[in-house]
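J.: Quick one: the structure is below, and I'll ask about it shortly.
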Amino acid sequence: MATTAAGPAARLQIAQYLMALMNRAKLKQTEVAKRAGCGNTTVARYMEWRHPARLTVPMVRSIADACGATAAERDRLVELVMVQSDGWQLDDPGVPEWMDPLVSLEGVAQYIHAYACGLVPGLLQTPEYALAMYQASGADQEESERKVKARIRRQEVLQRSDLQLRVVLAESALRWAVGGPEVVRGQIDHLREMMDRPNIEIQVLPYAAGASAAGSGGNFVILGRDDENEPFSMTVVYLELHSRGLYLDTASDTGAYKVTFNRLQDQAADDPAALLAAVRKEFQ
């Protein structure tokens, strides 16, 4: 029996596509289970991507067939089970277990849209900024350096030409004196350099914009891909809490966050570079 431990990104894509096939066929999970010759819990597990259990090619085929998938659709699902690996983060002590899905999703996303009102997002942090952040959280030097190394490795995804990163930074995220003036200046300089990359767009939401479209909410990240070759499309929203991550993948949740991000972009300053320069001067 061919099996593989498909990573979180693969499991998300498989789960969302199987759910779409089931809805297209207007079936319930109990009906799919009966047609596939398996238990209801098995079908539920394959449609719930957070479950870490192994995915098997025969079971993916059976559930896909039960949902009325075409041969081409079934083969693409099998491809996802066969070719995607867990990723480097599973063996890296600098990546907490709850961030495993995020790193996996970053690796296959076509777009990442992030809003930050507290700290600069991890994908854009300098090593010095990240180190100061971890040390402030109580981590010792060794642990902090381990986490910084993993964070910088995460940033390698930005070298992909097929990945578009769009970030809206609230002005408040720029004014936290993380690590002191020199570290802040270096962080702002890094943001300015990142703005020159063709696949990165950074906007700044100024205090003068007033009440923001995000309301009282905090940071969020939208990761996705709109792929014409289903089931490789996916959409998920990531919310980072104090010591864990929350992942939202329903159409209503992801749709609402997409609307909010678009509104935040509309509220952002026309000249983010000028605002970055103004904030930098205050940290001389």
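The values are calculated or read from the model by the stated rules, or taken from the named source; none is laboratory data. Predicted, not measured: the structure shown is a model, and the values here were computed from it. Here Cβ is always computed from backbone atoms with ideal geometry, including for glycine, and neighbour counts include all displayed protein chains. Side chains are part of the model used for accessible areas, which takes the heavy atoms of the whole protein and leaves out ligands, DNA and RNA. Shrake-Rupley method; radii C 1.70, N 1.55, O 1.52, S 1.80 Å.
J.: Tell me whether the range 61-78 contains one or more residues that are closer than 30 Å to R166 by Cα and surrounded by fewer than 17 Cβ atoms within 10 Å (Cβ to Cβ). Walk me through how you get there before you give the answer.
T.: Taking the range 61-78 first, the residues closer than 30 Å to R166 by Cα are 76-77.
Adding the requirement that they be surrounded by fewer than 17 Cβ atoms within 10 Å (Cβ to Cβ) leaves none.
Checked the range 61-78: no residue is closer than 30 Å to R166 by Cα and surrounded by fewer than 17 Cβ atoms within 10 Å (Cβ to Cβ).
J.: From S216, S212, which residue is farther than 26 Å from E79 by Cβ and free of Cβ contacts under 8 Å to residues at least 24 places away in the same chain?
T.: Result of the check over S216, S212: S216.
J.: In the range 173-203, which residues are in a helix (DSSP H, G or I), free of Cβ contacts under 8 Å to residues at least 60 places away in the same chain and either surrounded by 14 or more Cβ atoms within 10 Å (Cβ to Cβ) or under 20 Å from the mean Cα position of the chain (by Cα) (or both)?
T.: Within the range 173-203, A173, V183 qualify.
J.: Let me ask something additional. Suppose we keep only residues that are surrounded by fewer than 16 Cβ atoms within 10 Å (Cβ to Cβ) and in contact (Cβ under 8 Å) with a residue 24 or more places away in the chain within the range 42-51. Which one would you say is nearest to A20 (Cα to Cα)?
T.: The extreme case among them is E48.
J.: Please pick out the residue among G68, G87, G39 that is within 30 Å of S243 (Cα to Cα) and among the small types (G, A, S).
T.: The unique qualifying residue is G87.
J.: Which residue pairs have Cβ atoms under 6 Å apart, sit 6 or more places apart or on different chains, and have a first residue in the range 14-26 that is open to solvent by less than 10 Å² (accessible area, probe 1.4 Å) and a second that is aromatic (F, W, Y) and modelled with pLDDT under 90?
T.: Note: pairs meeting the criteria are A15/W49.
J.: Follow-up. Specify which of the listed residues (E156, E145, E106, E128) is buried (at least 20 other Cβ atoms within 10 Å of the Cβ) and part of a helix (DSSP H, G or I).
T.: E106
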